[in-house]
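What follows draws every value from the coordinates through simple rules; no lab data is involved. Remember, predicted model here, so these are calculated numbers, not experimental data. Don't worry about glycine lacking a Cβ; one is built from the backbone with ideal geometry, like all the others, and counts go over all protein chains shown.
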Amino acid sequence: MGRPPPGGARPVTAAVPSPREVAEAFSGHRFRDVYDRLAPDVRWTAVGEGELVGRQAVVDACEDTLTELSTGSAKSQRFVVIAEGDAVAVDTVTRYVDADGAVSVVSSCDVYAFTDGVVTTIRSYAVELETTTPPG
């Protein structure tokens, strides 16, 4: 009892990510890692922009974002996570460069609510910050 199976192998079990890990992945543009952690009726509100309802609507929006990001770059300049139980907030500042070299810097905060380990709501606040162009 308590011994590993013969040969030293242990059964493989997939660990369920914590709410903090799910929020970190989603806010860090690693959407595909956590699609399965979205509730079927998840609601994602982008304050001042609109609301998406349902897992597929959120997945579609994420895939669109990933397509846009694939031709440029995104570099996190700030990434702060506060997590308590079934609530997580992620405060970020990200520098984006598109395929044409245009730069934008976005400050955002995503607030997540979880029920039974799945995301039920995301409320996102985002504002584009001024960028300075180096002389040259």
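Each residue of the stretch 61-70 was assigned a 3J(HN,Hα) from its phi angle through the Karplus curve 6.51 cos²θ - 1.76 cosθ + 1.60 (θ = phi - 60°); the sequence is 5, 5, 5, 4, 5, 4, 4, 4, 5, 5 Hz, with glycine and proline shown as x. In the chain, helices alone account for a calculated mean residue ellipticity at 222 nm of -5500 deg cm²/dmol, with every DSSP H run of four or more residues adding -39,500 (n - 2.57).
Where Rh is the Kirkwood radius over the Cα pairs of the stretch 46-86, the temperature 37 °C and the viscosity 0.692 mPa s, what D in µm²/s does Stokes-Einstein return? Estimated via Stokes-Einstein, D reaches 252 µm²/s.
With the simple spin-label model, which puts each label point 7 Å out from Cα in the Cβ direction, the Glu51 to Ser73 separation comes to 3.9 nm. Proximity of backbone amide H atoms, modeled 1.01 Å from N, is registered between Leu38 and Val119 at under 5 Å, excluding neighbours fewer than 5 places apart on the same chain. Legend: translational diffusion of the chain by Stokes-Einstein, Rh = Kirkwood radius over C-alpha pairs, 37 °C, 0.692 mPa s; D = 197 µm²/s.
For the stretch 14-59, trypsin sites (Lys or Arg not before Pro) meeting the loop criterion (DSSP other than H, G, I, E, B) and having at most 16 other Cβ atoms within 10 Å: Arg30.
Taking all Cα pairs closer than 8 Å and separated by 6 or more residues, the relative contact order of the chain comes to 23 percent.
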